[in-house]
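Below is one structure; the comments refer to it alone.
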Amino acid sequence: MEKPRDEEKDITVNRKAWHEYTILQTYEAGIVLQGTEVKSLRSGKANLVDSYANVKDGEVWLIGAHISIYEQGNINNHEPTRTRKLLLNKSEIRKLIGKVKEKGLTLIPLRLFFKNGKVKVELALAKGKKVYDKREAIAKKI
């Protein structure tokens with residue numbers, strides 16, 4: 001019998017990341033959210049442009065991601081650009097710590113998506129492109 005495929009639905013995609021960086025490796029991480037953030041994400045109000053992830057004290061944090069305020073929320077609404085904790089395995093975090101210390105490598109979020117009702121982040125270990133690399137990529141598309 002065939003195993004049912006995980007249901008995935010994109011919330012937002014960081015298209016700028018593919019232009020600005022060379023993607024070396026991707027990781028799927030969970031994210032710690034408040035209730036109003038999940039409701040806002042269900043209505044598709046998020047932006048990953050200019051956001052990045054940072055490893056600090058053995059934990060991975062998403063910095064600069066914008067999740068809009070939920071309109072029907074009350075005084076307990078969330079702050080739109082707060083720092084959010086990402087959930088990864090210890091072994092994955094150890095690998096990331098070693099690789100992020102390398103010169104020029106950074107962690108950037110590629111997309112936010114729902115997987116079986118849970119919000120996930122696709123993180124990429126990436127290296128910044130030079131201006132001439134960006135021009136080359138544009139030339140290849142044409």
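Hey, does the range 126-137 have a residue that's surrounded by 15 or more Cβ atoms within 10 Å (Cβ to Cβ), touching a residue at least 24 places away in the same chain (Cβ under 8 Å), within 20 Å of TRP61 (Cβ to Cβ) and of a type in the set (D, E, K, R)?
No, every residue in the range 126-137 fails to be surrounded by 15 or more Cβ atoms within 10 Å (Cβ to Cβ), touching a residue at least 24 places away in the same chain (Cβ under 8 Å), within 20 Å of TRP61 (Cβ to Cβ) and of a type in the set (D, E, K, R).
Go through (1) outside any helix (DSSP H, G or I); (2) in contact (Cβ under 8 Å) with a residue 60 or more places away in the chain; (3) surrounded by 18 or more Cβ atoms within 10 Å (Cβ to Cβ) for GLY30 and report which single condition fails.
Going through the list (1) outside any helix (DSSP H, G or I); (2) in contact (Cβ under 8 Å) with a residue 60 or more places away in the chain; (3) surrounded by 18 or more Cβ atoms within 10 Å (Cβ to Cβ), GLY30 breaks only (3).
If only one of ALA46, ALA53 is under 14 Å from THR12 (Cα atoms) and surrounded by 14 or more Cβ atoms within 10 Å (Cβ to Cβ), which one is it?
Exactly one residue qualifies, and that residue is ALA46.
Yes or no: the range 82-103 includes at least one residue that is modelled with pLDDT of 90 or more, within 10 Å of the chain's Cα centre (by Cα), buried (at least 16 other Cβ atoms within 10 Å of the Cβ) and not β-branched (Val, Ile, Thr).
There is at least one residue in the range 82-103 that is modelled with pLDDT of 90 or more, within 10 Å of the chain's Cα centre (by Cα), buried (at least 16 other Cβ atoms within 10 Å of the Cβ) and not β-branched (Val, Ile, Thr).
The values are calculated or read from the model by the stated rules, or taken from the named source; none is laboratory data. These figures come from a predicted structure and were not determined experimentally. Virtual Cβ from ideal backbone geometry, glycine too; neighbours counted across all protein chains shown.
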